[in-house]
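The values are calculated or read from the model by the stated rules, or taken from the named source; none is laboratory data. All values derive from a computational prediction rather than experimental measurement. Backbone-built Cβ (ideal geometry, glycine too); neighbour counts: all protein chains shown.
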Amino acid sequence: MPVVIDRLARGQVRPPRPLLRPDGSRFALAVSYGGNGWIAYGDVPADLLDALIPGYCGLDDQARLVARIRLAYRAAVAAQALVLAEADSKELRALRPRERAALLRPQHEAVRLECWSSPIPLVLVDTAYAPFTSVDRPISAVADVVDPPNMMWLRPQDEWELLESLARSGYVQGLYEAL
């Protein structure tokens with residue numbers, strides 16, 4: 001089913017009532033985006049991505065992957081900028097030159113560090129690293145978990161994982177299932 005998009009009132013996080021299909025049933029998924037200005041409803045992740053990537057549902061599988069990767073890089077730029085803007089000034093001053101370079105690099109460049117120890121989150125697109133490329137993934141020195149607090153991984157290889165990682169990064173403001 002095609003995506004249905006609704007405009008939210010200023011300051012509203014979610015609409016008072018979810019939009020319904022003509023038959024009265026609810027959509028399975030929703031995502032708010034654009035600074036909480038819009039909410040898109042759909043039944044599958046591709047429906048929601050079509051709101052974020054115009055024409056997405058009309059693309060073949062390879063073109064969809066490329067479009068998701070491009071969206072992930074746009075989101076990485078925005079997320080890293082937000083992280084740096086909100087970072088503690090003491091933590092920023094304590095950065096080593098390699099850490100500073102990693103945080104300020106162009107997002108399309110993979111970070112070539114073995115370990116990330118700064119408490120300031122580093123935003124990364126996972127398709128820039130092994131097993132998708134020959135570049136080793138940096139690991140967190142803070143926590144040995146899939147999503148450590150000092151690293152923000154955007155995952156464009158899968159539609160749902162991309163949406164979840166966009167929500168964690170703040171690029172989309174809400175991702176809802178079974179409204």
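Observations on the structure shown:
- Of all residues in region 1-37 being closer than 19 Å to S165 by Cβ and surrounded by 15 or more Cβ atoms within 10 Å (Cβ to Cβ), the one that is modelled with the highest pLDDT: L29
- For region 38-56, the candidate set comprises residues that are of a type in the set (A, V, I, L, M, F, W, C) and crowded, with 20+ Cβ neighbours inside 10 Å; within that set, the residue that is modelled with the lowest pLDDT is I39.
- Residue within region 114-135 that is hydrophobic (A, V, I, L, M, F, W, C), in contact with an Asp or Glu (Cβ under 9 Å, 6 or more places away or on another chain) and in a helix (DSSP H, G or I) present: yes
- For region 92-113, taking the residues that are assigned to a helix (DSSP H, G or I) and aliphatic (A, V, I, L, M), the one that is farthest from A75 (Cα to Cα) is identified as L92.
- A67 fulfils the conditions (1) aliphatic (A, V, I, L, M); (2) surrounded by 14 or more Cβ atoms within 10 Å (Cβ to Cβ); (3) in contact with an Asp or Glu (Cβ under 7 Å, 6 or more places away or on another chain) except for a single criterion, (3).
- Qualifying residue in region 113-135 (condition: within 18 Å of the chain's Cα centre (by Cα), of a type outside the set (F, W, Y), farther than 29 Å from A46 by Cα and crowded, with 18+ Cβ neighbours inside 10 Å): yes
- Residue within region 150-172 that is over 13 Å from the mean Cα position of the chain (by Cα), surrounded by fewer than 18 Cβ atoms within 10 Å (Cβ to Cβ), more than 30 Å from L20 (Cβ to Cβ) and not acidic (D, E) present: yes
- Any hit, region 49-57, residues being out of contact with any helix residue (DSSP H, G or I) (no Cβ under 7 Å at 6 or more places or on another chain), in contact (Cβ under 8 Å) with a residue 40 or more places away in the chain, farther than 21 Å from V123 by Cβ and not aromatic (F, W, Y): yes
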